[in-house]
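**Q** For reference, the structure I am asking about is given below.
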Amino acid sequence: MSADQRPMLLAAFTPGGLRRIGRRVDGWLPVAMLIPRLTGMWEVIQKAAVEADRDPSALRMALRVNPRLPGSTTGPGRMPGAGTLAQYVDYARAASEAGVHELFVDFGQTPASLVERVDLVGRFIEGVRRG
């Protein structure tokens, strides 16, 4: 990719869509899901890249997370769909360890004031950096 080109990332979740990412574009835009599912889908993309004679290490994964903060800890069956800020911090760390290159966290869906959302973002960033 030349310096004047922008990467093309696709959001796909079917086996065919995941293989298409590996064969044709620069990366994947998944949404928050359980880490084993995320890494399993990423493996499909990586394998398709190898089969297409592409360098799988050149592909990017930019994960979108839309936190829902119910105010109390949620069980593993609800996370990452809903959880505490601390649970989302842990999820972000686990996603990074699993190979996520970029993390896009959208607190705009959170029913809080703008000031409260800015505070959430600050606490989220501090929590991730502490890890």
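The values are calculated or read from the model by the stated rules, or taken from the named source; none is laboratory data. Nothing here was measured: the structure is a model prediction, and the numbers come from that model. Here the Cβ positions follow ideal geometry from the backbone for every residue, glycine too, while neighbour counts run over all protein chains shown. The area values use the complete protein model at the heavy-atom level, side chains included, leaving out ligands, DNA and RNA. Shrake-Rupley method; radii C 1.70, N 1.55, O 1.52, S 1.80 Å.
**Q** Taking the condition of being crowded, with 18+ Cβ neighbours inside 10 Å and in contact (Cβ under 8 Å) with a residue 40 or more places away in the chain, how many residues in region 10-38 meet it?
**A** 3
**Q** Being of a type in the set (G, A, S), assigned to a helix (DSSP H, G or I) and open to solvent by less than 80 Å² (accessible area, probe 1.4 Å) narrows it down to one residue among G127, G75; which is it?
**A** G127 is the lone residue from the list that is of a type in the set (G, A, S), assigned to a helix (DSSP H, G or I) and open to solvent by less than 80 Å² (accessible area, probe 1.4 Å).
**Q** Right, another one. Within region 97-106, can one find any residue that is in contact (Cβ under 8 Å) with a residue 24 or more places away in the chain and in contact with an Asp or Glu (Cβ under 9 Å, 6 or more places away or on another chain)?
**A** Quick first cut of region 97-106, residues in contact (Cβ under 8 Å) with a residue 24 or more places away in the chain only: 98-106.
Next, from what is left, pick out any that are in contact with an Asp or Glu (Cβ under 9 Å, 6 or more places away or on another chain): none.
No, there is no match, as no residue in region 97-106 is in contact (Cβ under 8 Å) with a residue 24 or more places away in the chain and in contact with an Asp or Glu (Cβ under 9 Å, 6 or more places away or on another chain).
**Q** Could you go through region 90-104 and let me know if any residue there is over 21 Å from T39 (Cα atoms), modelled with pLDDT of 90 or more and open to solvent by 30 Å² or more (accessible area, probe 1.4 Å). Before you say what the answer is, go through the steps one by one.
**A** Restricting attention to region 90-104, the residues satisfying the condition of being over 21 Å from T39 (Cα atoms) are none.
Within region 90-104, not a single residue is over 21 Å from T39 (Cα atoms), modelled with pLDDT of 90 or more and open to solvent by 30 Å² or more (accessible area, probe 1.4 Å).
**Q** Residue under question is P56, and the condition is that it be at pLDDT below 95, surrounded by 13 or more Cβ atoms within 10 Å (Cβ to Cβ) and closer than 30 Å to R20 by Cβ; does it hold?
**A** no
**Q** Taking R64 as the residue in question, decide whether it is charged (D, E, K, R), in contact (Cβ under 8 Å) with a residue 24 or more places away in the chain, in contact with a Phe, Trp or Tyr (Cβ under 8 Å, 6 or more places away or on another chain) and open to solvent by 70 Å² or more (accessible area, probe 1.4 Å).
**A** yes
**Q** Counting just the residues of region 105-117 that are outside any strand (DSSP E or B) and open to solvent by less than 70 Å² (accessible area, probe 1.4 Å), which one comes out farthest from A32 (Cα to Cα)?
**A** S113
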